[in-house]
Amino acid sequence: MPSSSTAAADTVAATAVARQAPVLGVVVPCYNEQEVFPETARRLAALLQGLIDAGRIDPASRTWFVDDGSRDQTWSLIEAAAEQPAMRVCGIKLSRNRGHQVALLAGILTAKGDVLISVDADLQDDLGAISQMLEAFAGGHDIVYGVRSARGTDSAFKRLTAEGYYRVLDRLGVEIVFNHADYRLMSRRAVEALREYPESNLFLRGLIPQLGFPSTTVAYERAERFAGESKYPLGKMLALAWQGMTSFSAAPLRMITALGMLVSVLSLGMGLWAFGVRLFTDAALPGWASIVIPLFLISGVQLLSLGVIGEYLAKIFLETKRRPLFFVDRLVRSDTDPVS
Ligand code: UDP
Ligand code: MG
C-alpha cells in the first residue's frame, strides 16, 4: 500500500510526463466508410490507449474522423463512437462531399493537437508506422512522410501508372516524395504554415514539401482495403493526377510551345517533300497529303494548346474567387474540450 507521499510523487511524475508528451490528433477522412469504420475506430482507440499508457502521447489525444458528405451510416457511427469516452473520437461533418483532399485539409485545420497524423479510413496504411512517426517527431522532424515500401497489394496497372506518374511530376519539377500518399505526420507549426496557403486547387502531396520544415520518411507496407470499395475510381484518380501536374508547374504550357515549334518544323519538311514529289514524279493526287495531313495535325495541336491554356485560365478563375473550401456542418467530441 503506497504512502500518501509516494502517491503524491506519482501524481507529480505523471503530470510531468503528460506535460512532455504531445497531444496527438489522428485525422481520418471518411466517405461512405460504414463497412470499415467500426474496425478503424476500434484499432485507433487501442493504439492511442497504448501510446498514452506508454507515456508517449497526452491523454487528450483524439482521432478526428471527417465525414465527407457520406450517404451511408458513417456519420451516425461517428456520432455514436464520440459518445463513448474510451473511443477518444471527435467527428467533423462536412456540409457535403468535397473530395478526399479537401476533407483531409478540413480535418487538419480543425483538429487539435501538437502533432497531427493523417491516415485513410480503409486500414490500407499500416497503423504501426504511427509509433515510428512519433519517434521521428520527437527527434525534431516537423513532417514525417509515410512511404509505401511494397505495393504488392496494388494491381499491376496501379503500380505502373503510379510509378510513371511520380516520374513525370519529378521531371516537371514538382517536389514530391516518391510512393507517399497522404499518410503523414505534421507538427503544429507545419499545420499553421499550411493554413497560410489560400489555394483551392488542392494537391497536398505537392504542397507540403514546399513548407520546408525538417522532414523525414518512414517506410510501411500497404495492405489491401479492409472492407468496402475504393472511393477513388479511375476518373477521380486521373483528376488528382492532373491537379498535381498543373497546380505546381507551368511546364505543360512550355511543352505545348515546344510541340508547336516541332510541328512547324515538320510541316516545313513536309512542304519541301511535297514540292519534291511535284517536281520530280507524276504521283496521283499531288498535294493531297500536304494539305490534308497538316490540316489535321495543326488542328489537333491547336485544340490541345487551347485545352492546356484553358486549364490554367480555369485555375486563375477559380483561385480569384477565393471561395471557402468547406463548411463544417457539425462537430462532436468524446468529452469536453480535450485541449484548450
Ligand atoms: N475519401 C473521402 N472523400 C472522397 C473520396 C474518398 O474522404 O470523396 C476518403 C476515403 O474514405 C478514404 C480515403 O479518402 O479514407 C482514400 O480513399 P480510398 O481508400 O477509397 O482510395 P484508394 O486507396 O482506393 O486510392
Ligand atoms: Mg484506400
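The values are calculated or read from the model by the stated rules, or taken from the named source; none is laboratory data. All values reported here derive from a predicted model rather than from experimental measurement. Because the Cβ atoms are built from the backbone with ideal geometry, glycine has one as well, and the counts that use them run over all protein chains shown.
Can you confirm whether residue 281 is closer than 30 Å to residue 121 by Cβ and either surrounded by 11 or more Cβ atoms within 10 Å (Cβ to Cβ) or at pLDDT 80 or above (or both)?
When the stated conditions are applied, residue 281 does not pass them.
Give the residue, chosen from 102, 119, that is within 16 Å of ligand 2 (Cβ to nearest atom) and either among the β-branched types (Val, Ile, Thr) or surrounded by fewer than 19 Cβ atoms within 10 Å (Cβ to Cβ) (or both).
Unique residue meeting the criteria: 119.
Just one of the numbered conditions (1) among the charged types (D, E, K, R); (2) within 16 Å of ligand 1 (Cβ to nearest atom); (3) over 29 Å from residue 59 (Cα atoms) is not true of residue 170; which one?
Going through the list (1) among the charged types (D, E, K, R); (2) within 16 Å of ligand 1 (Cβ to nearest atom); (3) over 29 Å from residue 59 (Cα atoms), residue 170 breaks only (2).
Please go through the range 61-74 and pick out each residue that is surrounded by 21 or more Cβ atoms within 10 Å (Cβ to Cβ) and either under 16 Å from residue 31 (Cβ atoms) or more than 16 Å from ligand 1 (Cβ to nearest atom) (or both).
The answer is 61, 62, 64, 65, 66, 67, 68, 70, 74.
May I ask you to list the residues in the range 75-93 that are away from ligand 1 (no atom under 14 Å from the Cβ) and within 14 Å of residue 34 (Cα to Cα)?
Listed by number, the residues that qualify are 76, 79, 80, 81.
If I ask for residues that are within 16 Å of residue 176 (Cβ to Cβ) and either polar (S, T, N, Q) or touching a Lys or Arg at 6+ places or on another chain (Cβ under 9 Å) (or both), which ones from the range 241-278 would you list?
Listed by number, the residues that qualify are 243, 244, 246, 247, 249, 251.
Does any residue of the range 109-129 turn out to be closer than 28 Å to residue 329 by Cα and part of a helix (DSSP H, G or I)?
yes
I'm trying to understand the selection: among the residues of the range 261-275, which are at pLDDT 80 or above and surrounded by 14 or more Cβ atoms within 10 Å (Cβ to Cβ)?
263, the sole residue that qualifies.
Looking at (1) within 13 Å of the chain's Cα centre (by Cα); (2) within 15 Å of residue 143 (Cβ to Cβ); (3) free of Cβ contacts under 8 Å to residues at least 12 places away in the same chain, which one does residue 212 not meet, given that it meets all the others?
(1) is the only condition that residue 212 fails.
Name the residues in the range 94-124 that are closer than 17 Å to residue 67 by Cβ and away from ligand 1 (no atom under 12 Å from the Cβ), would you?
Within the range 94-124, 95, 108, 109, 110, 111 meet the criteria.
Specify the residue that is surrounded by the fewest Cβ atoms within 10 Å (Cβ to Cβ); the eligible residues are those in the range 220-259 that are assigned to a loop (DSSP other than H, G, I, E, B) and away from ligand 2 (no atom under 16 Å from the Cβ).
Across the range 220-259, the extreme among qualifying residues is 250.
Quick check: anything in the range 19-26 at pLDDT below 95 and farther than 24 Å from residue 128 by Cβ?
yes
Check whether at least one residue in the range 308-324 is part of a loop (DSSP other than H, G, I, E, B), of a type outside the set (Ser, Thr, Tyr), in contact with a Cys (Cβ under 7 Å, 6 or more places away or on another chain) and within 19 Å of residue 106 (Cβ to Cβ), and report yes or no.
Checked against the condition, which is being part of a loop (DSSP other than H, G, I, E, B), of a type outside the set (Ser, Thr, Tyr), in contact with a Cys (Cβ under 7 Å, 6 or more places away or on another chain) and within 19 Å of residue 106 (Cβ to Cβ), the range 308-324 yields no hits at all.
State which residue pairs qualify: first residue surrounded by 11 or more Cβ atoms within 10 Å (Cβ to Cβ) and inside the range 301-324, second residue charged (D, E, K, R) in any location, beta carbons under 7 Å apart, and separation of 6 or more residues or different chains.
319/199
Every residue in the range 159-177 that is surrounded by fewer than 16 Cβ atoms within 10 Å (Cβ to Cβ) and either outside any helix (DSSP H, G or I) or modelled with pLDDT under 80 (or both), please.
Residues satisfying the conditions are 173, 175.
Is the range 91-99 home to any residue that is within 16 Å of ligand 2 (Cβ to nearest atom) and within 24 Å of residue 175 (Cα to Cα)?
Within the range 91-99 (the criterion being within 16 Å of ligand 2 (Cβ to nearest atom) and within 24 Å of residue 175 (Cα to Cα)), the answer is yes, since at least one residue qualifies.
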